[in-house]
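Trainee: Sharing a structure with you now.
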Amino acid sequence: MKRCFITGVTGQDGSYLAELLLDRGDEVHGIIRRSSSFNTWRIHERFQNQDGQKKFYLHYGDLSDGMNLVRLLREIQPDYIFNLAAQSHVRISFDIPEYTGEVTGLSTLRLLEAIRQAGLADRVRFYQASSSEMFGSAPPPQSEETPFAPRSPYACAKAFSYYITKNYRESYGMFATNGVLFNHESPRRGENFVTRKITLNLARIKYGLSDTLALGNLDARRDWGFARDYMEAAVLMLEHDYPDDFVIATGESHSVRELAEQAARLLDMSIEWNGEGRNEVGRDAKTGKVLIVIDPKYFRPAEVDHLEGDATKAKATLGWSPKTSFQDLIRMMVEHDARECSREAYTKRLQ
Ligand code: NAP
Ligand code: F7E
């Protein structure tokens, strides 16, 4: 049984990771931020300690509060620390660059220092949620050998976190590992990331809950995997014999356009594209109704055109490989969102 400490436990990845660890019999401690509205919907229903079996504990905490982190680590004495907390939205990082640098970058250093001050540097195993965004404009396929070329405040902050993690490994001999994860998604994905935005809003259109979906760059390509598979990799990294840096990816990429077409097909709609650039629209081929429009507010000041990872090292060293195909991932997300929208539409009809 391992005692685990997770920052970002209320997020997509944190919820899958906590589930995986609890299912193995581990004890899980997560920090949550005080918020004026509930932010625990991804975890609450799932991990109540009702059966007396699951060892799941929440503590108030924020990555910007170093003293609290030291106190919590001293009290909890974790074996594993997973640093998943971040301002994780790339486009929004252009709106709040300083805050993103603080939380997504500097806070990793704060947490690593808290580990040292709590006297845990020699025994704790630390996982840093690094990102394929750090590769930015580097051509695919990207691997552990690819030089970083970050294209956003988010990516620059993640690059700082990557290097400081490596630095603490080299300077203090800490078991500090970077998981360089390519995009990973799920029905629990935040609604303003493009996969979930598409599956949810096309389902809303299908059930008459909204009219059109506004998107940005349709031609960006990403390597999309399933969040739960990627959290399995995070655990394998901390169970490995030595700390290292690993790329986690499916090795296959698709454009935003292909993603929209695939999600529409699963909802019995077929998209036909007309026009160019900002005037391009996606119509339902059967009815001619406009389903997708372009809104320049979703363009980024600097775009990352093509991410496609090479996870050969993780496969060879950790024995990890993705279990879920792109098609199955999108089907899982569409089915989830269609179910929710059908329920909402039914309730509305009754009112
Ligand atoms: P997410 O859903 O946006 O979750 C982010 C988590 O961080 C939430 O629990 C959030 O808490 C917490 N958080 C934000 N600011 C915080 C602060 N100041 N103090 C404490 N907690 C804070 O992100 P995700 O998709 O699960 O990703 C997990 C991590 O992996 C992130 O670091 C992300 O940058 C990185 N990553 C993600 C991907 C991906 O494709 N998903 C790929 C590579 C790397 P609230 O609920 O209170 O907001
Ligand atoms: O955008 C394009 C957009 O916001 C993907 C985070 O988890 O993965 C994620 O970052 C692509 C981009 O993810 C819309 O321009 C088009 O090219 O879903 P996204 P991301 O920026 O790749 C990395 C690995 C992380 O580490 C991050 O934390 O889709 N796109 N139209 C759009 N994107 C959004 N969000 N909304 C649109 O309307």
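Trainee: Please indicate, with yes or no, whether at least one residue in region 176-195 is away from ligand 1 (no atom under 14 Å from the Cβ) and crowded, with 19+ Cβ neighbours inside 10 Å. Spell out how you get there, then give the answer.
Mentor: Looking only at region 176-195, we keep the residues that are away from ligand 1 (no atom under 14 Å from the Cβ), and these are 176.
When the remaining residues are screened for being crowded, with 19+ Cβ neighbours inside 10 Å, the result is 176.
Yes, that holds for at least one residue.
Trainee: Something else: Sort through Asp223, Asp244 and tell me the only one that's within 20 Å of Phe135 (Cβ to Cβ), open to solvent by 20 Å² or more (accessible area, probe 1.4 Å) and touching a residue at least 60 places away in the same chain (Cβ under 8 Å).
Mentor: Going through Asp223, Asp244 in turn, the sole match is Asp244.
Trainee: Please give the number of the condition Glu185 fails out of (1) more than 11 Å from ligand 2 (Cβ to nearest atom); (2) under 21 Å from Arg228 (Cβ atoms); (3) acidic (Asp, Glu).
Mentor: Of (1) more than 11 Å from ligand 2 (Cβ to nearest atom); (2) under 21 Å from Arg228 (Cβ atoms); (3) acidic (Asp, Glu), only one is false for Glu185: (1).
Trainee: Right, Ala264: closer than 13 Å to Asp219 by Cβ, crowded, with 17+ Cβ neighbours inside 10 Å, within 16 Å of ligand 2 (Cβ to nearest atom) and among the aliphatic types (A, V, I, L, M) or not?
Mentor: So Ala264 does not fit the description; no.
Trainee: When the residues of region 266-310 are filtered to those that are in contact (Cβ under 8 Å) with a residue 12 or more places away in the chain and among the polar types (S, T, N, Q), which remaining residue is nearest to ligand 1 (Cβ to nearest atom)?
Mentor: Filtering first and then ranking leaves Ser270.
Trainee: Can you pull out every residue in region 196-220 that is touching a residue at least 24 places away in the same chain (Cβ under 8 Å), away from ligand 1 (no atom under 14 Å from the Cβ) and open to solvent by less than 40 Å² (accessible area, probe 1.4 Å)?
Mentor: Across region 196-220, the qualifying residues are Ile198, Thr199, Leu200, Leu202, Ala203, Ile205, Leu209, Leu213, Ala214, Leu215, Gly216, Leu218.
Trainee: Tell me which of these Ala129 doesn't satisfy, since it passes every other one: (1) of a type in the set (A, V, I, L, M, F, W, C); (2) out of contact with any Phe, Trp or Tyr (no Cβ under 9 Å at 6 or more places or on another chain); (3) buried (at least 20 other Cβ atoms within 10 Å of the Cβ).
Mentor: (2)
Trainee: Turning to a different aspect of this structure: Say we look at region 312-336 and pick out the residues that are surrounded by 15 or more Cβ atoms within 10 Å (Cβ to Cβ) and not in a helix (DSSP H, G or I); which of these is nearest to ligand 2 (Cβ to nearest atom)?
Mentor: My answer is Pro322.
Trainee: Condition first: closer than 22 Å to Val304 by Cβ and more than 11 Å from ligand 2 (Cβ to nearest atom). Now tell me which residues in region 188-203 satisfy that. Show your work before the answer.
Mentor: Within region 188-203, the subset closer than 22 Å to Val304 by Cβ is 189-199.
Across region 188-203, the qualifying residue is only Thr199.
The values are calculated or read from the model by the stated rules, or taken from the named source; none is laboratory data. This structure is a prediction, so every number in the text was calculated from the model and none was measured. Heads up, the Cβs are rebuilt from the backbone with ideal geometry, glycines too, and the neighbour counts pull from every protein chain shown. What goes into the accessible areas is simple: the full protein's heavy atoms, side chains included, and nothing from ligands, DNA or RNA. Shrake-Rupley method; radii C 1.70, N 1.55, O 1.52, S 1.80 Å.
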